[in-house]
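Below is one structure, written out as structure tokens, with a few remarks after it.
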Amino acid sequence: MSIFIDKNTRLIVQGITGRDGSFHAEQMKKYGTNVVGGVTPGKGGSKVAGIQVFNTMEEAVSKTIANTSVIYVPPAFAADSIYEAVDSGIKLVVCITEGIPANDMMKVYAFVKERGARLIGPNCPGLITPGESKVGIMPGSIVKKGGVGVVSRSGTLTYESIWALTLAGIGQSTCIGIGGDQIIGTNFVDCLDAFNKDSATKAIVMIGEIGGSDEEEAAAFIKKHVRKPVIGFIAGQTAPADKRMGHAGAIISGSSGTAADKIAALEKVGVPVAGSPTEIPSFVKQMLRGGKIKKVAVSVTSHSKTKANVTKTRKVTSSSSNFSSPVKKAAKGKSR
Amino acid sequence: MKIHEYQAKVIFAKVGIPVPAGEIATDSVQVRTIAQKYNKPVMVKAQVHVGGRGKAGGIKFAETPEAAQVLAQKILGMNIKGLVVKKVLVTSAEDILSEAYVGIILDRATKTPVILVSSAGGIDIEEVAAKTPHKIHKLSVDPVEGLKVFQARNLAYKLYKEISQVRETTEIIMKLYKLFWELDASLVEINPLITSNAGKVIALDAKINLDDNGLFRHPEIEAMRDLDSEEPSEVEARQGGLSFVKLSGNIGCIVNGAGLAMATMDLVKRYGGDPANFLDIGGSSNPQKVVTAIKIILEDPKVRAILINIFGGITRCDDVANGIVTAINELKPSVPIVVRLTGTNEEKAHKILRAVNLPFGETLDEVVKKAIDLAGIAA
């Protein structure tokens with residue numbers, strides 16, 4: 001089992017003839033996703049990586065019986081693409097596009113909800129069910145089939161965390177990036193609910209960041225409904241207030257949306273929050289064993305103002321690191 | 001993006017939201033001339049993109065043009081929360097009978113615009129929300145249907161009893177909502193909305209924040225951007241297609257992806273270091289972006305080490321490696337660069353780095369510690 005996508009996913013790629021759309025259509029197909037068609041108005045009848053291109057979603061869906069779409073369309077036109085997908089009867093729309101105006105998204109969200117469809121994103125990396133289907137831009141090589149559900153507001157931070165799990169031998173049921181924008185179609189609570197009901201998922205990793213109150217709402221939901229171990233990570237502890245940290249949604253407004261608040265909310269409901277993405281796997285293992293998390297004291301390698309300390313720090317770091325021997329390589333790179 | 005009060009007031013005036021007469025000045029003589037023209041007491045208001053200008057002494061009342069000039073001398077050049085005041089708005093001073101608050105925000109939880117009104121105006125609305133939440137009235141507006149007049153009137157009745165004031169406020173709220181929507185704003189705010197001695201409802205202040213994602217539809221707003229009031233390195237980064245926020249530490253960070261960039265900064269802090277910036281090179285792998293990124297970071301004299309952390313997905317590690325090599329050749333940095341490139345094409349990238357003898361690390365924790373270590377030695 002998995003959530004949202006699996007072997008039965010029949011995917012249409014909207015914006016398939018664009019630079020990103022064509023590249024990722026091929027990547028998804030290579031991974032094993034059942035890509036049944038693509039849409040670019042004016043390019044109907046052509047093919048991209050052997051995938052049939054249609055002019056409209058209406059035509060594409062009627063000819064392919066697709067049930068899912070993924071959008072790689074520039075921000076000025078992406079909202080229209082979501083309307084088109086939902087109107088054609090698609091029930092799961094994944095929007096990768098970054099930079100869609102929030103006002104457009106408020107209207108889109110209302111429409112999607114009214115039609116009973118699910119939107120993932122925008123401004124997200126999509127999702128992947130290892131060994132079955134990948135929709136979006138996540139690198140297929142970093143995942144491994146298993147029992148951990150991963151949900152995150154980020155892209156590359158998600159990859160970092162998934163890769164840490166995979167390196168530690170911990171596989172994933174589904175990994176999903178819900179997007180870094182202020183208005184997103186699917187939030188933490190939706191994913192936690194789905195993972196909680198999914199028999200293949202034994203534990204959940206939730207990666208949040210500053211801005212908004214989704215993590216706090218997730219904490220309340222976990223307390224009420226989730227009976228599986230949940231492990232958290234929150235990015236942005238060093239972010240200043242009122243500055244947008246890349247993602248449109250990653251902004252501390254006044255005094256709300258801070259990392260400290262989110263960490264406190266999660267810890268209060270028994271969700272341990274890892275201090276580094278590389279700490280996540282050991283937290284998962286400990287939680288799956290039913291144990292409590294033992295917090296490891298951080299060895300601060302801070303440069304101190306006194307000379308003696310500097311030398312000491314240097315010694316410690318250089319002896320514990322194989323930094324100067326880049327030739328020594330793990331085999332991980334080869335799989336990619 | 002933020003615009004100044006005086007710019008927001010021009011927009012208000014254009015759509016018919018009443019604001020006091022006012023003009024912008026960059027020196028104190030101009031201030032006196034403007035005050036003489038009004039022939040009545042004026043307010044001199046610092047134009048900087050921070051809240052709490054009044055508390056910081058950036059907003060003053062002047063009885064006479066001479067007093068206005070003296071006050072302007074003090075305010076111009078004043079440093080408010082790190083920003084230097086370069087412009088002041090001179091407005092005719094109004095008699096204030098009551099102060100209220102009206103604001104429209106983009107509410108993430110309900111995914112709708114939310115209108116907030118409060119009869120407790122003139123002070124920080126967050127403070128009102130925290131201390132006396134019952135004084136704030138909220139309305140979530142259906143984004144598809146838009147705001148109905150009766151809804152605006154209901155809100156106006158929360159503020160005033162006098163029918164003429166209710167009517168004027170209803171108009172103001174309708175116009176404000178229209179602005180919020182048409183400008184792709186993330187916030188529009190009047191604090192305070194006042195009633196004058198004559199019973200008129202006037203917007204004494206004006207604030208408009210724009211959704212950066214909507215700016216492409218509003219070149220006229222983009223033209224209002226005050227480059228003077230922004231960190232020069234942040235302007236340069238934006239023009240180079242980078243997402244950058246300057247901080248005060250000494251370890252420059254270059255990362256792909258906003259979440260990973262924040263997590264990298266957090267780790268720097270966790271291991272006892274201090275990040276100099278947030279920098280996301282984005283999803284593309286244009287080597288020139290890496291060069292620009294390194295250049296911007298090197299311009300900060302505090303920086304003692306640069307940490308580059310890339311997890312290649314769409315971003316190709318070999319492209320980033322090429323960018324690093326070009327930057328080193330062109331810029332000849334005097335601070336150490338610590339690199340970690342993992343993911344797509346990492347083997348190729350490592351080959352490129354080895355050819356120029358640039359060491360690199362394998363794990364995130366390892367490179368962060370290394371950068372802190374090197375920064376300590378360089379300092």
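The values are calculated or read from the model by the stated rules, or taken from the named source; none is laboratory data. Just so it is clear, the structure is predicted and the values come from calculations on it, not from any experiment. For neighbour counting, all protein chains shown are included, and Cβ atoms are generated from backbone atoms with ideal geometry for every residue, glycine included.
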For residues that are surrounded by fewer than 24 Cβ atoms within 10 Å (Cβ to Cβ) and over 22 Å from A:Gly177 (Cβ atoms), scanning just the range B:269-288, find the one that is nearest to the other protein chains (Cβ to nearest Cβ). B:Gly272
Within the range B:295-308, the count of residues that are crowded, with 22+ Cβ neighbours inside 10 Å and touching an Asp or Glu at 6+ places or on another chain (Cβ under 9 Å) comes to 2
Within the range B:335-369, tally of residues that are of a type in the set (Lys, Arg) and under 33 Å from the mean Cα position of the chain (by Cα): 2
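Checking the condition within 18 Å of the chain's Cα centre (by Cα) and modelled with pLDDT under 90, which residue from A:Gly254, A:Gly249, A:Gly211, A:Gly236 passes?
Working: A:Gly254 fails: within 18 Å of the chain's Cα centre (by Cα); A:Gly211 fails: modelled with pLDDT under 90; A:Gly236 fails: modelled with pLDDT under 90.
Just a single option satisfies the conditions, and that option is A:Gly249.
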If I go through the range A:109-164 residue by residue, how many of them are hydrophobic (A, V, I, L, M, F, W, C) and over 21 Å from A:Gln27 (Cβ atoms)? 8
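Quick one: which residue in B:Gly241, B:Gly259, B:Gly249 is part of a loop (DSSP other than H, G, I, E, B), within 14 Å of chain A (Cβ to nearest Cβ) and farther than 30 Å from B:Ala8 by Cα? Write out each step before concluding.
Working: B:Gly241 fails: farther than 30 Å from B:Ala8 by Cα; B:Gly259 fails: part of a loop (DSSP other than H, G, I, E, B).
Testing whether each residue is part of a loop (DSSP other than H, G, I, E, B), within 14 Å of chain A (Cβ to nearest Cβ) and farther than 30 Å from B:Ala8 by Cα leaves just B:Gly249.
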With the condition kept exactly as written, say whether any residue in the range B:88-108 is closer than 19 Å to B:Ala185 by Cα and assigned to a loop (DSSP other than H, G, I, E, B). yes
Can you name the residue in the range B:336-357 that is surrounded by 19 or more Cβ atoms within 10 Å (Cβ to Cβ) and more than 9 Å from chain A (Cβ to nearest Cβ) and, of all such residues, is farthest from A:Pro277 (Cα to Cα)? B:Ile352
So A:Thr158, is it β-branched (Val, Ile, Thr), more than 23 Å from the chain's Cα centre (by Cα) and either over 30 Å from B:Asp266 (Cα atoms) or not assigned by TED's automatic domain parsing to the domain that holds A:Asn8 (or both): no
Kindly list the number of the only condition in (1) under 30 Å from B:Lys207 (Cβ atoms); (2) in contact with a Pro (Cβ under 7 Å, 6 or more places away or on another chain) that fails for B:Arg238. (2)
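Which members of the range B:218-229 meet the condition of being surrounded by fewer than 17 Cβ atoms within 10 Å (Cβ to Cβ) and either assigned to a loop (DSSP other than H, G, I, E, B) or within 9 Å of another protein chain (Cβ to nearest Cβ) (or both)? Lay out the reasoning, then the answer.
Here is the first cut: in the range B:218-229, the residues surrounded by fewer than 17 Cβ atoms within 10 Å (Cβ to Cβ) are B:219-220, B:222-223, B:226-228.
Listed by number, the residues that qualify are B:Ala223, B:Asp226.
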Enumeration of residues in the range B:187-211 that are crowded, with 19+ Cβ neighbours inside 10 Å and touching a Pro at 6+ places or on another chain (Cβ under 8 Å): B:Val201, B:Ile202, B:Ala203, B:Leu204, B:Asp205, B:Asp211
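If you take the residues in the range A:214-255 that are more than 8 Å from chain B (Cβ to nearest Cβ) and surrounded by fewer than 17 Cβ atoms within 10 Å (Cβ to Cβ), which one is nearest to B:Asp107 (Cα to Cα)? Walk me through it before giving the result.
Kept after step one, since they are more than 8 Å from chain B (Cβ to nearest Cβ), are these residues of the range A:214-255: A:215-216, A:218-232, A:234, A:241-242, A:251-253.
Those still in the list that are surrounded by fewer than 17 Cβ atoms within 10 Å (Cβ to Cβ) too: A:220, A:223-225, A:227, A:241-242.
Details: A:Ala220: 19, A:Lys223: 24, A:Lys224: 24, A:His225: 25, A:Arg227: 30, A:Ala241: 18, A:Asp242: 16 Å.
Among those that are more than 8 Å from chain B (Cβ to nearest Cβ) and surrounded by fewer than 17 Cβ atoms within 10 Å (Cβ to Cβ), it is A:Asp242.
Please verify whether A:Ala194 is surrounded by fewer than 24 Cβ atoms within 10 Å (Cβ to Cβ), away from every other protein chain (no Cβ under 13 Å) and out of contact with any helix residue (DSSP H, G or I) (no Cβ under 7 Å at 6 or more places or on another chain), treating the condition exactly as stated.
Details: surrounded by fewer than 24 Cβ atoms within 10 Å (Cβ to Cβ): yes; away from every other protein chain (no Cβ under 13 Å): yes; out of contact with any helix residue (DSSP H, G or I) (no Cβ under 7 Å at 6 or more places or on another chain): yes.
Yes.
Outside any strand (DSSP E or B), closer than 18 Å to B:Ala25 by Cβ, modelled with pLDDT of 95 or more and charged (D, E, K, R): is that true of B:Lys74 in this structure? Step through it out loud before you land on a result.
Details: outside any strand (DSSP E or B): yes; closer than 18 Å to B:Ala25 by Cβ: yes; modelled with pLDDT of 95 or more: yes; charged (D, E, K, R): yes.
So B:Lys74 passes the test.
I want to confirm something. Restricting to the range B:368-379 and keeping residues that are within 8 Å of chain A (Cβ to nearest Cβ) and surrounded by fewer than 23 Cβ atoms within 10 Å (Cβ to Cβ), which single residue is modelled with the lowest pLDDT? Spell out the reasoning first.
Our first condition is that a residue be within 8 Å of chain A (Cβ to nearest Cβ); within the range B:368-379, this holds for B:369-370, B:372-373, B:375-377, B:379.
Checking the rest, the ones that are also surrounded by fewer than 23 Cβ atoms within 10 Å (Cβ to Cβ) come to B:377, B:379.
Working: B:Ile377: 76, B:Ala379: 58.
This residue is B:Ala379.
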Subset of the range A:89-108, residues in contact with a Leu (Cβ under 7 Å, 6 or more places away or on another chain) and closer than 11 Å to A:Asp181 by Cβ, comes to A:Cys95, A:Ala102
Conditions first: (1) under 28 Å from the mean Cα position of the chain (by Cα); (2) over 27 Å from B:Gly82 (Cβ atoms). B:Ala276 passes all but one, so which condition is the exception? (2)
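Which of the strands (runs of 3 or more DSSP E) found entirely inside the range A:13-120 contain at least 1 residues meeting this: buried (at least 20 other Cβ atoms within 10 Å of the Cβ) and among the polar types (S, T, N, Q)?
Numbers: elements: A:35-39, A:51-54, A:68-71, A:92-95, A:118-120.
So the answer is A:68-71.
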Search the range B:299-315 for residues that are more than 14 Å from A:Glu160 (Cβ to Cβ) and facing another protein chain (nearest Cβ under 9 Å) and pair each with any residue that is of a type in the set (Val, Ile, Thr) and outside any strand (DSSP E or B) when their beta-carbon atoms are under 7 Å apart and the residues are at least 6 apart or on different chains. B:Arg304/B:Val335; B:Ile314/A:Ile137
